[in-house]
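For reference, the structure discussed in these notes is given below.
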Amino acid sequence: MNKPSQMMMNQAVESLLDRVPNPCVGEELSRVEGPLKVSGTATYAAEYKFDEEILHGFLVSASIAKGTVESIDEDSATAIDGVVAVVTDFKAFIRNSQQGGEKKAPTQGVKDVDYFGQPIALVVANTFEAAREGAAALKVSYKEQQGAFDFIAELDKRELLTSGNDKPEHKNNPDEGLANADVKVDSIYVTPSQNSAAMEPHATIAEWKGDQLTLHCSMQMLSTCKQQICDALDLKPDNVRLISRYVGGGFGSKLGISPESIAAAIAAKQLKRPVKVVMHRIQVFESTVRRTNTRQRLALGADRNGRIHTIIHNTICSNLPEETFFEPTAIATHFSYSGQNREVKYEMVRMNQVLAGSMRAPGEAVGMLALECAMDELAVKLDMDPVELRKLNEPVIDPSKEIPFSTRKLSDTLDYGAKHFGWGKRHKQPACQREGDWLIGMGMASAMRSNMLKPSVARVTLTPNAHAIVETDMTDIGTGTYTVLTQIAADLLGLPVSQVEVRLGDTDFPPAAGSGGSVGACSSGSSVYVACKKVRDTLAKALGVDADNLTLHDGQASGNGMSKPITELIEDDIVTLGMIEPGKTSMDYTQASYGAHFAEVAVNVITGETRIRRMLGVFTAGRILNEKTARSQCYGGMVFGIGAALMEELLHDPRNGRLLNHDLAEYHVPVNADVPPIDVVFLPERDPYANPLHAKGLGELGISGAGAAIANAIYNATGIRLYEYPLTLDKLLDQLPAI
Ligand code: MOS
């Protein structure tokens, strides 16, 4: 294979996409894989068919939350008809799932139990039903220890965190600034543990051919997951292949490997047959990843005119012993609003609960539930419009790092949103708009989400009959990757989309960033851009023109007055590798996507029930690659915002660490009946510092701030400010105005 053509983002770059006649990028192209999905022929991890009979494994979950496994009575399971074996490996089975992007195995060793539901063995049988029955019948004896199950009781033992996925900050004099502020707010916001609750459960089919292991799996980031698998099982990269062509959602819970993958691989090796392990929904809740609960102190100090000079955002979160991930709640707070005095602090409480990790905009999603409500409180105290307060405190440069923003159009989104939502009709005085038993109110919040670029490689092949094939191990987790990569290649190669085929989700293809942290489309899309640029160079040479003068359109190459069909310029396949890498522009510029959320709610004055009436999200995220898939991403994010504000709460029993609501019946997420008409608008923007597409991350922008707009609307409707999410009716009841 030839060496990749590389591009490193060290300065602003031009985008070839701006020179494409009749571009497809940006258009509302429907999902190219849509027909496969709606006809049930898109193959998800657990749906692969094999010539030989495969075996089914069911994970055995620990029934204690802290202690050790003393013994496993295998006969208790193998006595059941159809059960083939009880498989475990106390050393190699993984205890915790892995975090996204890690290159090594997660914590292994399952003799020691650290949380309730931790997988300790796999019962393998000829049928799924027999495996499940065997797992239920398996007798395990434990030596139990006292664990840490009560967050409040453990609070005193919290540790200060000094490094990790966000940097603590202390700038000038935050304490003094707050003490001397003309106007201030200083509150504790509490957010609960949450679960990603993706539709498709975590699942793996492991198959060995000699020393070659293939895993059909459901993972978001294949190249790093492969490294984790290799490390966990001590295998060479050449001997492992992961395939995740379609993924039924992940939302962070599939960024790293989870226990079923290693269990399936070990069982398949031992039993010399492919083994399929699909997690039960309860296991998805109990043994993959949760979002940590948080306690956030959010303090703002301003002068009488509303100029903020002090921002304090300190967070306490939780995780398993020794795990380093913490929720970077203040990741957007650093660059959110002006103010010379700033403090960000993180503390950790060690709990015997399922691993805490990334979930749907880790950081901003719950951090902005505090920050953006505190902004609303401050606006009330200042007797100022919350939109105006935000605009007044719009920083010119990043107030924390003191470097410029690449692009920042927050004010534009606020103005546009206020105008189109009818913000002017909002009653400034809370609890004074009533329709029958319903109190009506409006709220708003800013949206901010950091933009990143991650190294990615793609291969592009242009065939002599002018068909393009794009290959990368990037995944499509329902986000639209297949579609946007098709559009990028079609535009840059001047082909109709029907002549572009995108192949994803296979580690036999060049390694991409994967789907996580809203980096997927821009990172993998840029690698496709670089590979296509190289193809263009070859075509320009064949036509005899300078690459800068080449126009490719509708299968035709032209330049310098010449024009030829692409098919006449190629004899053999043109194969190129393109690689994008982050460079100086990610250090020298603060890059983020922005937006404004508006919500109107009705709160029942008798029952305290909140119904959302309408929502508007106005966003800027650089070039929008596909209006339709982008809008769908933002709809999804805003629906998550409804969940975070009103419903989602993973409850642990403080006596024994058991999850009390470990399925979709008891863990409430918004359903259609909870979701009002939502409008999503993108304002035009290009970010030449971000990448050659001039696009920025979008996937997690929609959730960031959405829940806060709802909380602020509830305040406006009722005059009640709640600090403990989710904002359920029981918390409002005793404060509602008299009927
Ligand atoms: Mo996202 S939480 O990075 O899948």
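Before moving on, here are some points about what is shown:
- Any hit, region 484-505, residues being closer than 25 Å to residue 22 by Cα and within 16 Å of the ligand (Cβ to nearest atom): no
- Residues of region 1-35 that are farther than 20 Å from residue 624 by Cα and among the aliphatic types (A, V, I, L, M): 1, 7, 8.
- Selected residue [hydroxyl-bearing (Ser, Thr, Tyr) and more than 16 Å from the ligand (Cβ to nearest atom)] from 261, 253: 261
- Close contacts from region 9-33, counting a first residue that is closer than 24 Å to residue 505 by Cβ and a second that is hydroxyl-bearing (Ser, Thr, Tyr), with Cβ to Cβ under 6 Å and a gap of 6+ residues or different chains, come to 29/483; 31/483; 32/482; 32/483; 32/486; 33/482.
- Among the residues making up region 110-130, those that are among the small types (Gly, Ala, Ser) and in contact with a Leu (Cβ under 8 Å, 6 or more places away or on another chain) are 117, 121, 125.
- Condition check for residue 646: more than 19 Å from residue 711 (Cβ to Cβ) and either at pLDDT 95 or above or among the hydrophobic types (A, V, I, L, M, F, W, C) (or both): no
- Those residues of region 416-461 which are assigned to a helix (DSSP H, G or I) and either touching a residue at least 24 places away in the same chain (Cβ under 8 Å) or hydrophobic (A, V, I, L, M, F, W, C) (or both), in sequence order: 416, 417, 418, 420, 421, 423
- Selected residue (only one of 347, 388, 402 is surrounded by fewer than 20 Cβ atoms within 10 Å (Cβ to Cβ), over 29 Å from residue 326 (Cβ atoms) and more than 16 Å from the ligand (Cβ to nearest atom)): 388
- Flag for residue 330 being buried (at least 23 other Cβ atoms within 10 Å of the Cβ), more than 16 Å from the ligand (Cβ to nearest atom) and among the aliphatic types (A, V, I, L, M): yes
- Residues of region 359-407 satisfying the condition of being in contact with an Asp or Glu (Cβ under 9 Å, 6 or more places away or on another chain), in a loop (DSSP other than H, G, I, E, B) and charged (D, E, K, R): 360
- Evaluation of residue 667 against (1) closer than 30 Å to residue 456 by Cα; (2) among the aromatic types (Phe, Trp, Tyr); (3) crowded, with 21+ Cβ neighbours inside 10 Å; (4) away from the ligand (no atom under 16 Å from the Cβ) (one fails), failing number: (1)
- Annotation note: of 273, 290, 245, 281, the sole residue that is within 16 Å of the ligand (Cβ to nearest atom) and under 30 Å from residue 477 (Cα atoms) is 290.
- Considering (1) away from the ligand (no atom under 16 Å from the Cβ); (2) touching a helix residue (DSSP H, G or I) at 6+ places or on another chain (Cβ under 8 Å); (3) in a helix (DSSP H, G or I), the lone condition that residue 521 does not fulfil carries the number (1).
- When region 255-288 is filtered for residues that are buried (at least 24 other Cβ atoms within 10 Å of the Cβ) and among the charged types (D, E, K, R), the ones remaining, listed by number, are 260, 276, 286.
- Output for region 264-282, where each listed residue is part of a helix (DSSP H, G or I) and either farther than 26 Å from residue 362 by Cβ or touching a Ser or Thr at 6+ places or on another chain (Cβ under 6 Å) (or both): 264, 265, 266, 267, 268, 269, 270, 271
- Residue among 560, 549 that is in contact with a helix residue (DSSP H, G or I) (Cβ under 8 Å, 6 or more places away or on another chain), modelled with pLDDT under 95 and surrounded by fewer than 19 Cβ atoms within 10 Å (Cβ to Cβ): 560
The values are calculated or read from the model by the stated rules, or taken from the named source; none is laboratory data. These numbers were taken from a predicted model, which means no experiment stands behind them. Note that we place each Cβ from the backbone using ideal geometry, even for glycine, and neighbour counts take in every protein chain shown.
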